[in-house]
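Inspection log for the structure reproduced underneath, given as structure tokens.
The values are calculated or read from the model by the stated rules, or taken from the named source; none is laboratory data. Note that the structure is predicted; figures quoted are calculated from it, not measured. Note: ideal-geometry Cβ built from the backbone for every residue, glycine included; neighbour counts use all protein chains shown. Please note that ligands, DNA and RNA were not included when accessible areas were found on the heavy atoms of the full protein model with its side chains. Shrake-Rupley method; radii C 1.70, N 1.55, O 1.52, S 1.80 Å.
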Amino acid sequence: MGLWTFWSFSLLAFVLMHHFQPKFVAQAELSSAGTNDRLYRLEVTQLEARVTQRSKVSLKVDNRTKVLSAFETETPDAEPNHDKQVEKDAQSGLEAPIGVKTAPNYHRLKIPGKKYSDTYEDNQRRRTATIISEKKIPDPRKRGKRSVDTAHTENVERSTSGQAQLRERFVETVHGGSNSRAEYRRVGEEARGSNPRQSEPHLDTSTFALSGDSAHNQAMVHWSGHNSSVILILTKLYDFNLGAVTESSLWRSSDYGSTYTKLNDKVGSRTVLSYLYVCPTNKQKIMMLSDPEVELAVLISSDEGASFEKHPINFNILSLLFHPAQENWILAYSHDSKLYSSVDFGRKWQLVHDNVMPGRFYWAVMGLDRESDVVHIETRIAKGRAKYVKCRAQQCSEGNRQYLFPGYVDTNSLVVQDEYVFTQVTKSGRASYFVSYMREPFKQMQLPKYCLPKDMHIISTDEKQVFAAVQEWNQNNTYSLYISDSPGVYFTLSLENLRTSRGPAGNLLVDFYKIEGINGMYLANKLVDSHIKSFITYNKGQTWALLPAPATDVAGNNLHCILPFCSLHLHLEMSENPYTSGPITSKKSVPGIIVATGNIGTELSSANLGMFITSDAGNSWRQIFDEEHNVWFLDNGGAMLAVLHAEAPIRNLWISLDEGKKWDRHSFSLAPLYVDGVLMEPESDNHIITFFGHFSHRSEWQLIKIDYKGLFSRRCMDGDYQTWHLHNKRELCVMGEKQIYMKRRPGNRCMLAQDYSRIYSSEPCLCTAYDFECDYGWERQTNGKCSPAFWFNPNGAAKSCSSSQSFLNSTGYRKVLSNNCKEGGTNVYSPRRQGCRPRPPQGLRLSTSQGELSATVGSNVTFTVYLDDGDSLRTSIQLDFGDGIKITYSNLSRTDDGIKHIYRTTGIYRVTASAENSQGSDSSTLFLHITSPVERVYLSAPIVTIRGKEANLTAVVWPSHTRTLTFFWWFDNSSEPIITLEGSISYTFQRRGKNKVTVQVASGSTIMQDSKVITVKEFFRSLLLSFSPALDEHNPDIPEWRDDIGRVVRTALSQVSGVPEEQLLVSLYPGLPSTAELFILPDEHTSSEHKRSSEESLESISNIFVTALNQGLVQFELKADIRIIVYMTQQTLAPLVDSNSIHSGSAMLMLLTVVFVGLAAFFIYKFKRKIPWIHVQTEDSHEKEPEVISTVGQNDNMSKVKLSEFPSPKELMEKELEARSRGGNGRNMERIVTREFPNCTNV
């Protein structure tokens, strides 16, 4: 029997007993037999015991799904509860598998302090687990832990081995799965006393009671699984006052659970056992832990528990991780954060590493790591900082360790999954995410430019592709689904506003589910206009559609539910326990069949829930029950088992052989049983199910063996199968091919062969637009086509090739991974091959490997050089370290591992990287401080100034400092900086053109820098611009966004007026509402003799722009359905040097107003140093402090500054006129600023 039964069966009683008193502790160990089989123990103190899991990505835990007890139903005589309400929000417990591979326990791509889901594989991945179960009190309404001291006074019907072996006959067939109480009672009474005939479908049952363990309140059950008849049961007495196990018993069955033998003498009569683990690659190997309060030891068996040997250990095991291939190799994590390894199945242990983060250790992935004993580890270095370490399990001394990521990573961020290694680095409050594909060097993950993620979680890495849930800068309670290319670097948006929530431990729960057995098919719950709705995709997230509701309900009444106003909505949760089905079930062996809990209406609800099934992969649905049930697939998917989800004890179950059209009820127990769990192996050939529970809180543990082979009359033959066509709303081409599946004819009572082929035939289709997703930087428009995003330049993408090669240039589309469509003769979607032509190097960037601008003396500094565009293979790189040492490389590829250098003396070093080829050159410079770190700084400077006149530059530090700062000002190619202790400086630019200014701020051991490019002209004109309110809703208020919008506005202005873009500059100001300034520059080819005519030309151009802006002719498209109109807020006049001042009437009026405000203010403004681009006005006698606003997510309803509310000249916001007057700008004094400066916080 497959690996589902590898899970040691355990039962979290507190989960089952959320209505009971008292509430209990739950403990669990989980392991995955996939690549990384980590076994954890969860110890939950007395808390609310209602657990379910939600989401495919991480599991949801809510009030209605009770782990291991999801099958209790009322007794046949109980009254139906039609008023049952279900809560969906309370969540608790572990994360579990969701139909897609998820990252390991505690794993998320470490967005600060959160974790991924636990270590799990796909549903088809087999797992071994032990989950402790505690007994439940059969109170009339509630059940709780069985009292240890209570005498056995209650008479309970139970049979021991061989006492009760009875056959329950088929008693009733219910079309549609009716749940009528009268029918239940009548059928139950008729069933008693019936003698089945061999030709009728029947179940064979036997019950065994674990005599002598009635005081034990916890139990763990393990079935070895495939082709094994051995079942192990560990029962324990857990003392909640002491918080320890005080007694234990180990039972073993070798006949599928018909009889059990007590093994206490074999393990030692005084030995108290606490946990049981099973090797996922060899189920015969068992490891048990003794209770650490009594002794530290492991008990090992190599014959499925027939014999044990005890070995003492010197550490307390918290979790285990078995090797995916080597059955004797184990990693053990201790309570003191140390990692140990064993290569002889726990007989001897060796320390691997200390200070290991919990859950952040991984065995080698076979086929990717060179040595099979490699371990990937995240080790804590300091608070919030960690290192990624790779070493061999038995050879992990300092000299044998590899540090594959250059620099520190965030704690709890390392994830090793399939072909990928993920990690995260946070600097200046913004996180960057990195990925290594196929163990290659790390690359930064590229999300759309203005996604600006606040949080990221890896959902799946199936099929060499990454699914990630990303919380964007403007999202709070929802996430967006992004899908990557194969290397996991470039991501595109698939679905916005996925429903999410947080579990009690802070784990993310995302409503996203992969349908097993059909490629590219997923379900998701999305927030739409404050309503949660369920959507389905057949092409891996390219298009999503609502689910059609059934035509009738379970009673045959018409529902009249019409799309899109009404649809079917499903709960996409999965139980954290492998022995409960959860609200949704699909299986690879039965493609196209999905069973789920849900409701019909306008949105997802927790009320009026029913069970729904589809047999054609979601194209049509039927209702099978009007109450919640747990449903499992039996007989390799050919049959289904359903049990009512209720709190009362049960004695009946339902079985369907025709895809849920008819359900047959069978009794499996003479007395109603409180079911703690169901143990089965759906892919086995023995057709055995084990129900595990108790009749009352005073009874002994009961194990009921059910053999359902009597439901079938023979094995299936060729004539017992039929075919069905996979389709999407009658479109036969799904994921690029026409697929025909084979399944058993509904109603045939034959057993399916375990290895019969599900896919009958497959034929590729011609490719269409929806076989492709939009490439990185492109967005899907309403007409279905992909077009470049406003921030993306499709012609500026970096291409690395030599002059004799060619490259594939994107058309805006990339083929969906695992899509099998066939391209036609002329394909407009696939990349087009273009010849490479020599290009000069552009976008050369120089940085240190850790992004630091400081280092300690004698440390090894690693420099990295990046080239955005150019012929990198034929471009030489020279690096001048600034201390007299230079180094040259023949091409950029030789610098992939970084350039290392050691500085022997303290100081500030100008490090320059130069790139040169036959077409041109480029350079990049950084200033490295040795032993003098620095904080981040924002340089406020005019983008245009007058030659020969002073310009004011200001450095603002985030956050504000109470200690003295040192400011280093670098102008152009100066070899020495100007050093000040104040954050502002006046400087006169003598060279016309573009001048680069860099400021560095040093405080203690911290250094940060900012740079601005200032255009120097003899004269210019400017206009103040404003925008449609819609722009504010998409303004993240970061410099990159302002630069891109400025570029788009400049292009729009040039197109309207015909003025070359070289004569225009547009600068957006920080804050909201969004405002900008347009600078109109003179033609560079104008000589000094024609200055007067050039001044008149600027005046004419200014008038043209005023007319165009006032008429709303200047527009640009922000998104597919959002157009932004640019307006003129106020015209301003820059001085025309050595010419008569030209003042408009409004400008003169403003000037006179300021003069009349007060002579005192005039003197202050006249003689005080000013900060450019921050404009203030004369104010009242009482000063008002300037407001500060967040740089991201600012208030849209910001009021304008009034004349009486202008801030003091001592503050950052000052008047632009006086700032420019010191530089000869002579700007109108009366310009009122309606924006505010960003608050001084870490960015």
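Per residue, the solvent-accessible area of segment 523-627 (1.4 Å probe, heavy atoms of protein chains only, all protein chains present) comes to 31 Å².
Using 0.36 nm per residue and subtracting the Cα-Cα separation, the extra length available between S890 and T988 on full extension is 31.3 nm.
Checking the Cα-Cα distances for K661/K815; K729/K785; K587/K729; K449/K729; K310/K588 against a 30 Å cut-off, the pairs over it are K661/K815; K449/K729; K310/K588. Using a ≥ b ≥ c from the Cα gyration tensor of segment 209-264 (square roots of the eigenvalues), is it rounded, prolate or oblate, where a/c under 1.5 gives rounded and otherwise the larger of a/b and b/c decides, a/b for prolate? Judged from the Cα gyration tensor, segment 209-264 comes out prolate (a/c at least 1.5, a/b above b/c). For a test of the definition: using alpha carbon positions, the gyration tensor, and the 1.5 limit on a/c, classify segment 967-1055 as rounded, prolate or oblate. It comes out oblate by the Cα gyration axes. Within the accessible surface of segment 407-541, defined with a 1.4 Å probe on protein heavy atoms only, the carbon and sulfur portion equals 46 percent.
Fully extended, how many nm does the chain gain between Y1127 and T1051 (0.36 nm per residue separation, minus their Cα-Cα distance)?
The Y1127-T1051 span can extend by a further 25.8 nm.
For segment 411-472, the solvent-accessible area with a 1.4 angstrom probe is 30 square angstrom per residue. Share of carbon and sulfur in the accessible area of segment 553-600 stands at 58%, probe radius 1.4 Å. Applying 0.36 nm per residue to the separation of F315 and R715 and subtracting their alpha-carbon distance, the gain on full extension is 138.7 nm.
Jot down the per residue volume, in cubic angstrom and as a whole number, of the convex hull over the alpha-carbon atoms of segment 893-1042.
Values: hull volume 30.5 nm³, N = 150.
So the per-residue hull volume is 204 Å³.
Overall shape: prolate for segment 696-763, with the ratio a/c of the largest to smallest alpha carbon gyration tensor axis at 1.5 or above and a/b above b/c. In the context of the full set of protein chains, residues of segment 686-812 present 45 Å² of accessible surface per residue (probe radius 1.4 Å, heavy atoms only). Taking the accessible area of segment 656-719, probe 1.4 Å, and keeping the other protein chains in place, the carbon and sulfur fraction comes to 49%. Approximating the spin labels as points 7 Å out from Cα along Cα→Cβ, the D616-to-R904 distance works out to 8.2 nm.
With the simple spin-label model, which puts each label point 7 Å out from Cα in the Cβ direction, the K1119 to A551 separation comes to 3.9 nm. Global dimensions of segment 488-603 from alpha-carbon coordinates: Rg and Dmax equal 15.2, 51 Å. Apply 1/(1 + (r/R0)^6) to the Cβ-Cβ distance of T602 and N1103, taking R0 = 56 Å, and write down the FRET efficiency to the nearest 0.05. Efficiency, from the Cβ-Cβ distance: 0.50.
Using a cut-off of 26 Å between Cα atoms, the listed pairs K427/K1017; K443/K533; K390/K427 include K427/K1017; K443/K533 as exceeding that distance.
Between I562 and W473, the simple label model (points 7 Å from Cα in the Cβ direction) yields a spacing of 4.4 nm.
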